[in-house]
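Scroll down for the structure; my scribbles are underneath it.
Where a number appears in this text, it was derived from the coordinates with a stated rule and is not lab data. Note that the structure is predicted; figures quoted are calculated from it, not measured. Quick reminder, even Gly has a Cβ in these numbers, built from the backbone with ideal geometry, and neighbours come from all protein chains shown.
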Amino acid sequence: MSEESPITEADLHAYADGRLGAPRRAELDAWLATRPEEAERVAGIRETSAQLRAFYDPVLGEPVPARLELAASGRRERASRGRWGTAAFAAGWMALGAALGALATWQIVATRVVPAPAAENAAIARRAAVAHAVYSPEVRHPVEVGADQEQHLVTWLSKRLGLKLKAPRLEEAGMSLVGGRLLPGEVGPVAQFMYQSERGRRMTLYVRAESAPHRETAFRYARENNVGVFYWVEQTCSYAIASSDLSKEELLSIATMVYKQLEP
Amino acid sequence: MNETERLVDLIPRLRRYARALVSDRASADDLVQDTLERAWAKLHLYRRGTDLRAWLFTVMHNVHVNKVRSSRPTDTLDDEMPELALRPPQADALLVRDLDRAIALLPAEQRAVLLLVTLEDLSYEEVARTLGIPIGTVMSRLSRAREKLRALMLGQSAAAKLKVVK
């Protein structure tokens, strides 16, 4: 190791990334041999890089959506953007544009929906996202009543909310019921059902009773701090589905499933 | 090989980077689509013989930055939400999930540098050119990204001080 070229932070990263030429690498080898703490840090960097690649590399093997091939070939078929965009535009709703790509079930609800002011309903999305962020990381106490007592859970929550609730079956989407809990809402009790996939990915369903008959809305999407939320309002209650583990598409397909099952 | 074939070949790479950049699948593919469309519109600016892939990452970076700047979610939630707690690692699946989550918590400019280096294996010089920043900035962002990631993965606050190695 030469005195005139001290080992820098940049050297350590270049070393961990395998970007150094042989002479400099040898200097680093010698330097690290006497500094276990730094050596361990370098090993940690390499491990994280390997995990990153292991996590994202599978994307390389996924089938390429047709719309991307079209775009790569220079054909400008904007209409094909996000399969559902077209339906959404046809419904004449989307002055809001960009962020609304995935309103898949628009057509299901479109026929009977009167749009309500966004701000009025955004509160439920925020509350559902907060409730999800608070309870979904729980390892030992994710729910108050577990799925093993589902009947009791549903009866209890129904009674407190003054609604006839049921816990949707989402096995088709790979999610099974973990259980549920009662939460304080703005004006009364709120129910939260939690679901989990085999891999431990979690999603919560947030149900709030509406005191006065409400104007129904279509699915809306909101996202904050990594929690994606699809929510909609029925006459007597509002629903929100929240998850930080599922993609927007997965969340939407679950929202659709829940919507169909809970349809009166 | 003409441009179309080369662009089509590069789609998986663009998707991988986009997925890591924005994490939800539909938005990631939207970003790829916008990038490809932009690339076609700007193809005359691409200098033949240079690395098409690196050029596409530059295009994607610009598209992404503009998107983030201009688009807000459908309904913007307030900023008072608690930070999403990281679940302690219990199993590999959860651990990897946490890595994905930790990546999403990095500041965007640090995330881009880290991903271009580790996922795309671009040289530090290429990363500097791709993002239009000096190489010193690449190195400091890389260092900060890794330090923060390590802190997040340890479940600590990201306030850990950078170590200056002499």
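Tabulated results
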item	result
Gyration tensor (alpha-carbon) shape descriptor, the range B:11-70, a/c threshold 1.5	prolate
Nonlocal amide H pairs with A:GLY228, under 5 Å, H built at 1.01 Å	A:SER243, A:SER244
Inter-label distance for A:ASP148 and A:LEU70, nm, one decimal - labels placed 7 Å from Cα along Cα-to-Cβ	5.2 nm
Values of log10 I(q)/I(0), in the order q = 0.13 Å⁻¹, for the range A:102-262 under a Debye, Cα-only, solvent-free model	-0.54
Spatial separation of Cα centroids for the range A:162-200 and the range B:1-67, in angstrom	40 Å
Centroid-to-centroid separation of the range B:132-154 and the range A:22-78 [C-alpha atoms, Å]	14 Å
Positive minus negative residues near B:ALA128 (Lys, Arg vs Asp, Glu; Cβ under 14 Å)	-2
Square roots of 5 times each gyration tensor eigenvalue, C-alpha, the range A:9-59, largest first, Å	23, 13, 7
Which of A:HIS141, B:HIS64, A:HIS132 has the fewest Cβ neighbours within 10 Å, and the rest in rising order	A:HIS141, B:HIS64, A:HIS132
Mean-position separation - Cα centroids, the range A:230-252 and the range A:123-141, in angstrom	13 Å
Cα-based convex hull volume of the range A:185-264 per residue, rounded to whole Å³	100 Å³
Rounded to whole Hz, the Karplus (6.51, -1.76, 1.60) HN-Hα couplings of the range B:50-60, x for glycine and proline	8, 6, 4, 4, 4, 4, 5, 5, 4, 4, 4
Mean shadow area of the range A:131-178 over all directions, Cα convex hull, nm²	4.0 nm²
